[in-house]
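**Student:** Got a structure for you, written out below as structure tokens; questions coming shortly.
None of the figures in this text is laboratory data; all of them are computed from the coordinates on show. This is a predicted model, so every value here is computed, not measured. Cβ atoms come from the backbone with ideal geometry, glycine included; neighbour counts cover every protein chain shown.
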Amino acid sequence: MSSVVAGTPRTLNTSRSWGLAFDDLSRAWRQRQLWGHLGWQDIKQRYRRSVLGPLWITISMAVTAIALGILYAGLFGNPLEEQLPYILVGFIVWAFIGGCITEGSMVFISNAGLIKHLPAPVSVHVYRLIWRQMLFFAHNLVVYAVMLVIFPQPLSLGSLVAVPAFALLVVNGFWVALLVGIVSTRFRDLPPVMQSLVQLLFFMTPIVWIYEDLLNSTNETIASRARLAELNPLLHYLEIVRRPMLGQSFELRNWVVVLAITVAGWALTLVVLRNYRARVSYWV
């Protein structure tokens with residue numbers, strides 16, 4: 001009996017090791033066939049018996065972007081060929097960011113049955129979520145391609161920066177979903193809070209309004225307040241992808257901020273994964 005009691009602390013300490021945390025991530029990565037299949041099945045199941053399938057999301061987003069593009073072009077006096085592509089690409093990138101945050105808060109809760117009965121690393125479900133969001137992003141690029149035909153953009157070889165920028169977005173989406181997902185299993189009030197926060201951040205982030213227009217405003221009050229948008233980290237995530245997709249040169253400060261947050265975010269997430277990975281199956 002004493003040996004069992006004495007061994008309990010060692011078991012708990014063993015479950016909180018860096019090796020197991022990294023092993024969880026690496027083993028989940030090696031199970032690409034599993035989470036890849038599950039992610040694809042999520043999309044097929046959601047749009048079963050639908051003719052257009054996930055393109056409904058793309059169509060809905062395109063209609064909303066067109067309506068807002070016409071509205072804000074009139075409000076700000078911008079040419080439609082400038083305002084509409086700005087909003088449309090912003091919507092495409094934001095759909096990925098918002099999906100990682102909101103669905104990330106439910107990533108373990110919604111997969112409680114699989115977590116309890118499937119002997120797999122917990123991060124498998126995060127890989128599944130990110131893969132699903134990447135598929136949605138790929139579907140939304142159809143609208144981007146149509147936009148390029150109607151409103152050609154000055155694309156160049158520099159526009160290829162959008163590829164590593166999106167890869168960086170995926171890396172950040174992973175740690176956000178993993179971190180928020182673990183915390184949400186313990187504190188169930190967090191998912192609705194995250195949904196409300198994402199809605200608020202949508203209006204605070206330059207998606208439908210052009211940041212440079214306000215920054216270059218002749219009204220000093222508006223220009224000074226516009227600079228506060230730089231404090232919004234999502235602005236930088238949005239810009240590293242949107243600017244090259246619109247044929248614009250990248251801003252170094254956006255990349256510096258994103259890289260700094262990436263390092264800090266992953267450091268925090270790895271600590272949380274190390275300490276609470278083993279408790280996820282109990283919390284769900």
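**Student:** Under a point-charge model restricted to the Cβ atoms of Lys and Arg (+1) and Asp and Glu (-1), what is the dipole moment magnitude of the stretch 2-283 relative to its Cα centre, in debye to the nearest 20?
**Tutor:** Approximately 1460 debye in magnitude.
**Student:** Provide, as a two-decimal number, the C-alpha radius of gyration of the stretch 220-270 over 2.2 N^0.38 Å, N being how many residues it has. Walk me through the numbers on the way to the answer.
**Tutor:** Working: Rg = 13.0 Å, N = 51, 2.2 N^0.38 = 9.8 Å.
Relative to the 2.2 N^0.38 Å estimate, the stretch 220-270 comes out at 1.33.
**Student:** Place +1 on the Cβ of every Lys and Arg and -1 on the Cβ of every Asp and Glu in the chain, take the dipole about the Cα centre, and give the residue among Thr218, Tyr86, Val171 whose Cα lies farthest towards its positive end.
**Tutor:** Val171
**Student:** Right, here's the next one. Report Rg (one decimal) and Dmax (nearest whole number) for the stretch 148-284, counting Cα atoms only, units Å.
**Tutor:** Calculated on Cα positions, Rg and Dmax stand at 18.1, 57 Å.
**Student:** For a quick check of your reading of the filter: which chymotrypsin sites (Phe, Trp or Tyr not before Pro) in the stretch 55-119 sit in a DSSP loop and have no more than 10 other Cβ atoms within 10 Å?
**Tutor:** Qualifying residues, ordered by number: none.
**Student:** Tell me, Thr269, Thr262 in order of fewest to most beta-carbon neighbours within 10 Å?
**Tutor:** The fewest-first ordering by Cβ neighbours comes to Thr262, Thr269.
**Student:** Evaluate the Kirkwood expression for the hydrodynamic radius of the chain, namely the inverse of the mean inverse distance over all pairs of different C-alpha atoms, and round to one decimal in Å.
**Tutor:** Mean inverse Cα-Cα distance, inverted, gives 20.7 Å.
**Student:** Moving on. What is the chain's relative contact order, in percent, from Cα pairs under 8 angstrom and six or more apart in sequence?
**Tutor:** Here the relative contact order equals 28 percent.
**Student:** So what is the calculated 222 nm ellipticity per residue for the chain, using -39500 (n - 2.57) for each DSSP H run with n of 4 or more, over all residues, to the nearest 500 deg cm²/dmol? Kindly include the intermediate steps, with their values, before the conclusion.
**Tutor:** Values: 14 runs with 216 residues, N = 284.
Estimated from H runs of four or more residues: -25000 deg cm²/dmol.
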